[in-house]
1. Find, among the GluC sites (Glu not before Pro) in the stretch 67-100, those assigned to loop by DSSP (not H, G, I, E, B) with at most 14 other beta-carbon atoms within 10 angstrom.
2. Report ³J(HN,Hα) in whole Hz for each residue of the stretch 113-129, in order, from the Karplus equation J = 6.51 cos²θ - 1.76 cosθ + 1.60 where θ = phi - 60°; Gly and Pro get x.
3. Mind giving me the FRET efficiency for GLN100 and CYS22? R0 is 30 Å, r the Cβ-Cβ distance, nearest 0.05 is fine.
4. Taking 0.36 nm per residue of separation and subtracting the Cα-Cα distance, what length does fully extending LYS136 through GLU67 add?
5. Considering only protein heavy atoms, what per residue accessible area in square angstrom results for the stretch 31-127 with a 1.4 angstrom probe?
6. Quick check: residue separation of GLU34 and GLU144 times 0.36 nm, minus the Cα distance between them. What number comes out in nm?
7. Could you calculate the contour length gain from TYR124 to HIS221, that is, 0.36 nm times the residue separation minus the distance between their Cα atoms, to one decimal place in nm?
Amino acid sequence: MGLKAVFRTLGDMLFPPRCLFCDELIYPGWEICEACENEIAASPAIRRMKPGVSGETVWCLTPFRYEGPVKESLMRFKFQGHREYAPYYGRKVAEGLREQWREEAFTVATAVPLSKRRLRERGYNQAELIAREAAKWLGLPYVETLRKAKENQVQHELSGEERLRNVQGVYRACNGIRLAGESILLIDDIVTTGATLCECARILLREGAARVVCAAVADVHWDETQNM
């Protein structure tokens with residue numbers, strides 16, 4: 001047994017793993033319990049969002065509906081330090097993308113950034129963790145392409161129109177980044193109106209990206225998606 005396996009085993013003994021959906025104890029090496037595996041199946045769907053800079057459609061793929069145990073799980077992942085959820089969610093996003101697009105359809109994976117203040121408070125960017133895991137499964141390099149240039153109001157507190165105004169001028173391309181001709185996979189954790197993803201996609205396209213496709217773990221407005 002290798003050193004990493006020894007530490008993993010010791011960790012499981014000291015801190016038994018829990019199902020990332022229902023939070024019940026599970027066997028070492030498992031990610032979700034049998035009950036949740038039977039009840040909560042990923043069902044990749046895709047939603048058409050507003051046009052990008054050149055008029056092309058921006059698509060967003062999501063494997064889960066944002067409700068019930070999925071919603072509770074993402075809240076623990078986002079606000080309670082459960083970074084260990086990232087491999088599962090990154091893999092599910094990657095599996096959905098493989099069903100819809102060829103692996104060579106993308107050249108770079110990236111994530112919606114957090115502000116410096118939020119990153120200090122939380123300790124990590126959950127979207128980045130998901131994107132890095134999805135990138136591994138898709139064989140893509142992960143590149144930080146965007147930065148959050150200023151704080152804005154939390155999106156979930158706003159109406160649809162307010163969300164669109166709230167993200168304007170918030171994001172910038174990273175200094176020195178070269179995106180000409182890149183086909184970019186842009187990932188977030190949750191999509192609601194799509195305002196944040198569309199604004200980030202707009203900037204990436206403006207900087208020369210050939211195409212931007214979006215993905216998130218869960219969609220709040222599942223009824224607007226088209227099952228694949």
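The values are calculated or read from the model by the stated rules, or taken from the named source; none is laboratory data. Because the structure is a prediction, the values reported are computed rather than measured. Note that each Cβ is placed from the backbone with ideal geometry, even for glycine, and that neighbours are counted across all protein chains shown. Heads up: the accessible areas ignore ligands, DNA and RNA and are worked out on the full protein's heavy atoms, side chains in. Shrake-Rupley method; radii C 1.70, N 1.55, O 1.52, S 1.80 Å.
1. Answer by residue number: GLU67.
2. x, 9, 6, 4, 5, 4, 5, 5, 5, 8, x, 6, 9, 4, 5, 5, 4
3. E(calc), rounded to 0.05, equals 0.55.
4. 22.1 nm
5. Ligands and nucleic acids excluded, the figure is 50 Å² per residue.
6. In short, 36.0 nm is gained.
7. 32.3 nm
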